[in-house]
Every structure is written in C-alpha cells, then in structure tokens.
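The values are calculated or read from the model by the stated rules, or taken from the named source; none is laboratory data. Here the structure is a predicted model, which means the values were calculated and not measured. Here Cβ is always computed from backbone atoms with ideal geometry, including for glycine, and neighbour counts include all displayed protein chains. Heads up: the accessible areas ignore ligands, DNA and RNA and are worked out on the full protein's heavy atoms, side chains in. Shrake-Rupley method; radii C 1.70, N 1.55, O 1.52, S 1.80 Å.
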Amino acid sequence: MSKRNKISAIIPARKGSERVKNKNTKNFAGKSLLEIKIAQLLRVDCFDEIIISTDCNYAKKIANSFGDKITVHERESYYCTSQVPINEVYSHLSSICKFDHVAYIHLTSPLLKDESLVKTVEEYNLVKDPYDSVATVSELRHYIWYENKAVNYDPSKHPRSQDLPNYYCLNFAVNVLPKNVMKEKRNIVGNNFLPIYLSEIESVDVDTPLEFNFAEMCYENLHG
C-alpha cells in the first residue's frame with residue numbers, strides 16, 4: 001500500500017479578476033466556478049483540509065455555505081493586487097497550511113475530471129527521486145517560432161504535427177508539492193516535478209470571456 005500524505009488543498013479566489021469581471025463567483029452553468037471546485041474537492045475526498053484564500057465577501061459566503069469542512073483564509077489586500085509578485089503570494093500562502101504537503105488548485109479548470117484529480121494526488125503519494133512534486137500539464141503539438149526562428153522543428157524537414165518533439169506546458173489545474181519547497185522556492189512548481197498529462201478538454205483554463213463561455217458550454221454538455 002502506498003503512503004498517504006496529509007495534504008492541505010488551497011483554492012485561490014481573489015476578487016480582482018481583470019478580464020472576466022467577478023469570474024470566480026459569477027453564474028457558470030447555474031453555479032459558480034468556486035462552488036464547482038469546492039464540491040469537487042469534497043467529493044474526491046483526497047485532502048485533509050481545504051482552504052479558500054480570498055478577499056471577496058461573496059466568495060467567503062459561498063465557502064461558508066459548505067460548512068466546517070472548508071477553511072476560509074481572509075487574504076490581506078497586499079497579496080490580492082496585480083502588482084504583487086506571484087512568488088510572494090505563493091510563499092505567503094504556504095504559511096497558512098496546517099500540513100506538510102500542499103495541493104494548489106485553480107478553480108479556473110472546471111472541466112478537470114474527478115479521476116484525473118485523484119490520479120494526480122495518488123501519483124504524488126508515490127513520487128520518489130528524482131521527482132519531488134507533481135504538476136498537471138498539456139501536450140504541446142504546435143509549430144513554435146520565436147524571433148522569426150523555429151523553436152521545436154527544422155522547417156527544411158517539415159514534420160507532421162504528431163512527430164513534433166514531446167513538448168508540454170503547465171496548465172496549473174493541480175500542483176502538489178511539499179510545503180517547505182513551496183515556501184523556500186516561492187513557487188508551486190517543485191525543483192523537479194513529475195508531469196501529469198491532462199486531455200485537451202480538461203486543460204481548458206478560464207481566463208478570458210471566450211474561454212469562460214466555451215468552458216460553460218462544455219460543462220453543460222458534460223454534466224447536463
């Protein structure tokens with residue numbers, strides 16, 4: 001039987017959304033992104049505490065509606081601005097966790113499946129050298145250019161997209177790492193993380209009005 005780490009889950013939910021106003025709490029398929037993510041974390045039962053870190057009164061009200069299974073962290077205004085370096089926010093939030101391991105989970109990934117979340121936590125419980133953490137990623141099969149030069153292929157030997165190098169990108173749906181690493185590195189990506197691949201649909205991150213509407217349509221199709 002694999003070890004079972006005690007894990008604190010953090011859902012960041014500040015009110016200062018710039019591209020989609022009130023993104024975290026506005027109506028999304030009859031609920032809100034915050035409600036959907038809290039319900040998922042409770043449903044999978046992988047975590048020993050669930051913390052909602054927010055400066056939004058409405059988000060606090062939503063979190064409190066789930067009862068004492070949810071801890072509300074009232075984030076200081078300094079750590080809620082767009083000007084504060086995100087590394088400072090990560091370091092600060094590591095200090096509010098009760099347990100030695102942290103799952104940092106963005107509520108902007110509403111299409112993440114329960115089984116993928118469970119798998120990510122299970123992989124973290126099994127992780128060993130050379131890895132110290134896990135992070136969900138998305139496969140990147142695109143012809144990438146930078147400063148008018150191809151990055152990941154030779155244009156003179158144009159490959160098929162399926163033959164491109166196995167690049168991947170962080171999608172930040174789930175990151176799990178030791179609290180001390182998060183604190184010292186001031187990041188939610190460990191020193192050497194094990195990538196956990198998500199499907200294209202699960203990797204959708206809600207950051208713009210178009211993504212919000214697209215994710216809502218997909219969610220309604222998947223969940224009715």
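Annotations
- Across the stretch 16-32, rounded Karplus estimates of 3J(HN,Hα) from the backbone phi angles (6.51 cos²θ - 1.76 cosθ + 1.60, θ = phi - 60°) give x, 5, 9, 8, 10, 4, 6, 3, 6, 10, 6, 4, 9, 6, x, 10, 8 Hz, Gly and Pro being marked x.
- The stretch 134-224: C-alpha gyration tensor shape, a/c 1.5 cut-off, then a/b vs b/c: oblate
- Positive contributions from Lys and Arg (+1) and negative ones from Asp and Glu (-1), summed over other residues with Cβ under 15 Å from the Cβ of TYR90, come out at +3.
- Each Lys or Arg adds one and each Asp or Glu subtracts one; over the other residues with Cβ under 15 Å from the Cβ of LYS183, this totals 0.
- Anisotropy class of the stretch 2-41 from Cα gyration tensor, a/c 1.5 cut: oblate
- Magnitude of the charge dipole, the chain, Cβ model with Lys/Arg +1 and Asp/Glu -1, debye to 20: 360
- Most simply put, the stretch 1-82 has about 10% antiparallel DSSP beta bridges, counting only bridges with both residues inside it.
- Set LYS31/LYS60; LYS6/LYS119; LYS37/LYS183; LYS23/LYS69; LYS98/LYS179 screened for pairs whose C-alpha atoms are more than 20 Å apart: LYS37/LYS183; LYS23/LYS69
- Under the span-like rule (Cα at least 15 Å along the axis, Kyte-Doolittle mean at least 0.0), DSSP H helices of the chain: 33-44
- Label separation (LYS69 vs ASP100): 2.7 nm, computed from points 7 Å beyond Cα along the C-beta direction.
- Anisotropy class of the stretch 75-144 from Cα gyration tensor, a/c 1.5 cut: oblate
- Counting only DSSP beta bridges with both residues in the chain, the antiparallel share comes to about 40 percent.
- Within the accessible area of the stretch 1-129, the carbon and sulfur atoms contribute 45%, probe 1.4 Å, all protein chains present.
- Separation of the stretch 78-93 and the stretch 1-32, taken as the distance between their Cα centroids, equals 16 angstrom.
- Rolling a 1.4 Å probe over the protein heavy atoms gives the stretch 1-120 an accessible area of 48 Å² per residue.
- Extending 7 Å from Cα along the Cβ direction at LYS26 and again at ASN148 yields two label points whose distance is 4.0 nm.
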